Amino acid sequence: MELIDREDHQKLYLQLHEILRKKIESGEWQVGAQIPTEDELCRIFGVSRATVRTAILELVRQGYLKRQQGKGTFIYRNIISEGLSMQTSLKELLFEEGLEIASMVLARTVMMPVDDLDQKLGITPDKHIIYIKRIWTVHDEPVLLQENYIPHHVCPLLLEDDLDNHSLFEIFDKKYGIKITQAKNFMDITRLSADEGRVLGLPEGSPAILLIQHFYSGDTMIMYARAVKRPDRFQFSVELERKVV
């Protein structure tokens with residue numbers, strides 16, 4: 001049985017969340033089964049009730065568990081093995097295989113919501129947002145400019161992570177235990193601003209493909225992303241695959 005590592009820099013509730021999530025996704029804990037009580041989990045993993053409760057509440061929020069008043073907490077669904085799995089990162093989503101794709105972070109900061117970002121992210125106007133701006137290149141040619149907006153409370157230490165060498169989805173999953181369960185993609189045509197044109201090497205006002213993405217973990221909005229792409233270089237590739245279980 002996987003145990004809590006107290007020498008690991010990751011918080012205890014995140015470690016416990018990851019352990020319990022793996023039990024659900026692997027089928028070790030079957031859908032519909034009741035999980036051990038909080039007291040039993042405290043004893044098994046040697047952690048406090050607060051740690052157990054925080055991990056369980058996060059799994060409930062993400063749709064893995066369901067609490068029934070007076071009865072206990074039950075496995076609600078195995079998110080990985082049911083339904084559709086989809087490619088969500090731009091590296092997977094944007095281009096056909098075989099291209100030399102790279103990205104570089106141009107800016108990262110914490111900001112207050114502007115325009116209607118608070119509404120897009122489902123937060124109040126007084127809450128902070130993490131902002132990450134990234135350029136994507138193919139064979140060293142700038143092709144796409146992406147901006148990510150994430151509620152600060154979702155992962156407050158995100159800007160300390162290695163964003164150049166790890167995708168946001170990898171960091172969400174492996175460090176923070178946040179599983180992206182739904183992605184909504186919207187495509188349109190826009191015209192480049194002066195800054196966007198400068199980065200992509202096109203005149204201001206040039207037409208570009210606009211990709212808007214909303215990412216969810218359970219019912220909670222995790223990230224809003226906006227990307228503009230040169231329309232004359234390469235193609236989008238969107239793939240959905242039904243898992244056989």
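The values are calculated or read from the model by the stated rules, or taken from the named source; none is laboratory data. Predicted, not measured: the structure shown is a model, and the values here were computed from it. Quick reminder, even Gly has a Cβ in these numbers, built from the backbone with ideal geometry, and neighbours come from all protein chains shown. When the accessible area is computed, the model is the full protein with side chains, heavy atoms only, and any ligands, DNA or RNA have been set aside. Shrake-Rupley method; radii C 1.70, N 1.55, O 1.52, S 1.80 Å.
Name the single residue, out of those in the stretch 109-127 being among the polar types (S, T, N, Q) and farther than 23 Å from LEU200 by Cβ, that is surrounded by the most Cβ atoms within 10 Å (Cβ to Cβ).
Once the filter is applied, the top-ranked residue is GLN119.
What is the number of the single condition among (1) closer than 17 Å to LEU65 by Cα; (2) crowded, with 19+ Cβ neighbours inside 10 Å that LEU12 does not meet?
That leaves (1) as the condition not met.
Mind checking which residues of the stretch 70-87 are open to solvent by 80 Å² or more (accessible area, probe 1.4 Å) and either at pLDDT 85 or above or in contact with a Cys (Cβ under 6 Å, 6 or more places away or on another chain) (or both)?
Within the stretch 70-87, GLY70, LYS71, TYR76 meet the criteria.
Looking only at the stretch 134-171, count every residue that is within 18 Å of the chain's Cα centre (by Cα) and not in a loop (DSSP other than H, G, I, E, B) and tell me the total.
17
Going by the structure shown, is ARG53 at pLDDT 85 or above, among the charged types (D, E, K, R) and exposed (fewer than 15 other Cβ atoms within 10 Å of the Cβ)?
For ARG53, the condition - at pLDDT 85 or above, among the charged types (D, E, K, R) and exposed (fewer than 15 other Cβ atoms within 10 Å of the Cβ) - is met.
Give the stretch 216-245 a look and list any residue that's at pLDDT 90 or above and farther than 19 Å from ILE135 by Cβ, or say none.
ILE222
Could you list all residues from the stretch 28-43 that are open to solvent by 20 Å² or more (accessible area, probe 1.4 Å) and either within 16 Å of TYR176 (Cβ to Cβ) or in a loop (DSSP other than H, G, I, E, B) (or both)?
Selection gives GLU28, TRP29, GLN30, VAL31, GLY32, ALA33, PRO36, THR37.
Has the stretch 205-217 got any residue that is farther than 21 Å from MET104 by Cβ, open to solvent by 10 Å² or more (accessible area, probe 1.4 Å), out of contact with any strand residue (DSSP E or B) (no Cβ under 9 Å at 6 or more places or on another chain) and not in a helix (DSSP H, G or I)?
There is no residue in the stretch 205-217 that is farther than 21 Å from MET104 by Cβ, open to solvent by 10 Å² or more (accessible area, probe 1.4 Å), out of contact with any strand residue (DSSP E or B) (no Cβ under 9 Å at 6 or more places or on another chain) and not in a helix (DSSP H, G or I).
When you scan the stretch 1-46, how many residues do you find that are in contact (Cβ under 8 Å) with a residue 40 or more places away in the chain, more than 26 Å from LEU157 (Cβ to Cβ) and under 27 Å from the mean Cα position of the chain (by Cα)?
Selection size over the stretch 1-46: 6.
Given the criterion surrounded by 19 or more Cβ atoms within 10 Å (Cβ to Cβ), at pLDDT 90 or above and more than 21 Å from GLY63 (Cα to Cα), identify the matching residue among ILE150, ILE130.
From the options ILE150, ILE130, the qualifying one is ILE130.
Tell me, which residue of the stretch 153-199 that is free of Cβ contacts under 8 Å to residues at least 60 places away in the same chain and of a type in the set (Gly, Ala, Ser) is surrounded by the fewest Cβ atoms within 10 Å (Cβ to Cβ)?
ALA194
Quick one: what pairs do we get from the stretch 202-214, first residue over 30 Å from PHE169 (Cα atoms), second of a type in the set (Lys, Arg) and buried (at least 17 other Cβ atoms within 10 Å of the Cβ), C-beta under 9 Å, 6+ apart or different chains?
Listed by first residue and then by second, the contacts come to SER206/ARG230.
Here's the yes/no breakdown for (1) modelled with pLDDT of 90 or more; (2) of a type in the set (S, T, N, Q):
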{"position": "VAL110", "(1), (2)": "yes, no"}
{"position": "PRO142", "(1), (2)": "yes, no"}
{"position": "GLN146", "(1), (2)": "yes, yes"}
{"position": "GLY177", "(1), (2)": "no, no"}
{"position": "SER193", "(1), (2)": "yes, yes"}
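Restricting attention to the stretch 56-68, and to residues there that are buried (at least 18 other Cβ atoms within 10 Å of the Cβ) and in a helix (DSSP H, G or I), which single residue is farthest from the chain's Cα centre (by Cα)?
Across the stretch 56-68, the extreme among qualifying residues is ILE56.
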